[in-house]
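The values are calculated or read from the model by the stated rules, or taken from the named source; none is laboratory data. It should be emphasised that the depicted structure is a prediction, and the values quoted were computed from it without experimental measurement. Cβ sites come from the backbone with ideal geometry, for glycine too, and all protein chains shown count toward neighbours. Calculation scope for accessible area: heavy atoms of the full protein, side chains included, ligands and nucleic acids excluded. Shrake-Rupley method; radii C 1.70, N 1.55, O 1.52, S 1.80 Å.
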Amino acid sequence: MKVKASAQGKLMLFGEHAVIYNYPCIVTTVSPRVYVEIERNMSQLIIDNPQVRDNRFVEEAVKLFCKTYKVDNKLSIKTYSDFSSQYGFGSSSAVTVATILALSKLYRLKISKKEIFDLGYKVTLNIQGVGSGFDVAAATFGGTLYFVTGGKIIEPLLIEKLNLVIGYSGMKANTTKLVKSLKPDFRIFEDIKKIVDKAKITLINGDWNKTGELMNQNQKLLQELGVSTEKLDKMCLVANQSGAFGAKLSGAGGGDCMIALIPENKRKDVESAIIKTGGEILNVKCNI
Ligand code: MEV
């Protein structure tokens with residue numbers, strides 16, 4: 001019997017870096033998914049992972065799952081993805097969660113979302129050594145979440161459709177390296193926490209003007225922290241000049257993506273301004 005499962009990618013809305021140090025963040029899911037197909041075989045673990053290329057997350061997910069639930073690991077696994085791992089949408093966490101979901105289907109085990117999260121988080125920590133787990137939570141629970149380090153709080157936020165423009169800066173960032181090399185600044189993290197807690201309310205209330213302002217404030221603090229780049233700053237600036245409510249980098253910084261919250265009637269203006277600075281627009285839906 002062949003079983004299939006999938007999990008979504010993510011975008012950080014507020015609170016990156018601080019969330020590594022026991023502060024909250026807000027994360028949302030993106031429409032592209034990573035898919036995993038699994039069937040049992042007679043011999044050994046075989047992984048065909050052409051797009052993600054890095055087999056370590058699937059291997060570790062299988063290892064921990066089979067050990068925890070005392071099931072067999074003679075499996076053939078195939079993965080494929082709607083998105084390239086270069087964009088920072090969290091393909092590692094999505095492939096990890098999709099593997100755990102597929103295994104629980106294959107072995108007909110009823111596992112709660114919290115258990116899936118806990119196992120997935122362990123997998124990513126074992127491989128990367130660092131990480132808050134926000135990406136694993138997004139892949140497990142979906143939607144938009146208020147999240148505190150390691151899943152101490154995972155709170156779904158009921159918000160209306162998020163009108164975001166997502167601009168890729170053209171540079172792949174190495175999140176693990178950036179997180180490990182960052183010198184924590186707790187004054188900045190405290191200020192980020194205040195922004196995250198305010199954004200939780202403005203998002204629920206659909207107050208896009210205020211949410212945009214908070215994004216700009218968060219971006220300033222990320223600049224102070226030294227994780228933004230000239231290109232990301234420029235992309236945020238032109239997005240704001242073209243009618244966005246606000247803009248910030250999303251994720252670890254050092255490259256990858258920025259996001260701009262927009263009134264829908266300004267989408268074309270904001271997108272073309274970002275393209276003019278050399279950014280690439282990624283057409284994905286959020287908060288689903
Ligand atoms: C990276 O997308 C976000 C960070 O906060 C890392 C993490 O939370 O695992 C920098």
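Below are the figures for this structure:
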| read-out | value |
| --- | --- |
| Accessible area of the stretch 67-119 belonging to carbon and sulfur atoms, whole % at 1.4 Å probe | 50 |
| Helix runs (DSSP H) in the chain reaching 15 Å along axis by Cα, Kyte-Doolittle at least -1.0 | 56-69, 91-106, 113-128, 186-204, 230-241 |
| Per-residue [θ]222 nm for the chain (sum of -39500 (n - 2.57) over DSSP H runs n ≥ 4, rounded to 500) | -13500 deg cm²/dmol |
| Percent accessible area from carbon and sulfur atoms, the stretch 164-281, protein chains only, probe 1.4 Å | 52 |
| Accessible area, probe 1.4 Å, largest first, for residues 171, 258 | 171, 258 |
| Under 14 Å from residue 63, Cα to Cα: aspartates and glutamates that are on another chain or at least 8 residues apart | 72 |
| Mean separation of Cα contacts under 8 Å, 6 or more apart, over the residue count of the chain: relative contact order % | 22 |
| Rounded, prolate or oblate (a/c below 1.5 giving rounded, otherwise prolate when a/b exceeds b/c) for the stretch 16-172 by Cα gyration tensor | prolate |
| Residue pairs, from the table 180/248; 113/172; 4/152, whose Cα atoms sit over 26 Å apart | 113/172; 4/152 |
| Given charges at beta-carbon only (K, R positive; D, E negative), |dipole| of the stretch 164-281 in Debye | 200 |
| Gyration tensor verdict on the stretch 155-279 (Cα atoms; rounded if a/c is under 1.5, prolate if a/b is larger than b/c, oblate otherwise) | oblate |
| Theoretical FRET efficiency, 1/(1+(r/R0)^6), r = Cβ-Cβ of residue 265 and residue 176, R0 41 Å, to 0.05 | 0.55 |
| Charge dipole (the chain, unit charges on Cβ, about Cα centre) - positive-most of 273, 17, 142 | 142 |
| Solvent exposure of the chain as accessible area per residue, Å², 1.4 Å probe | 44 |
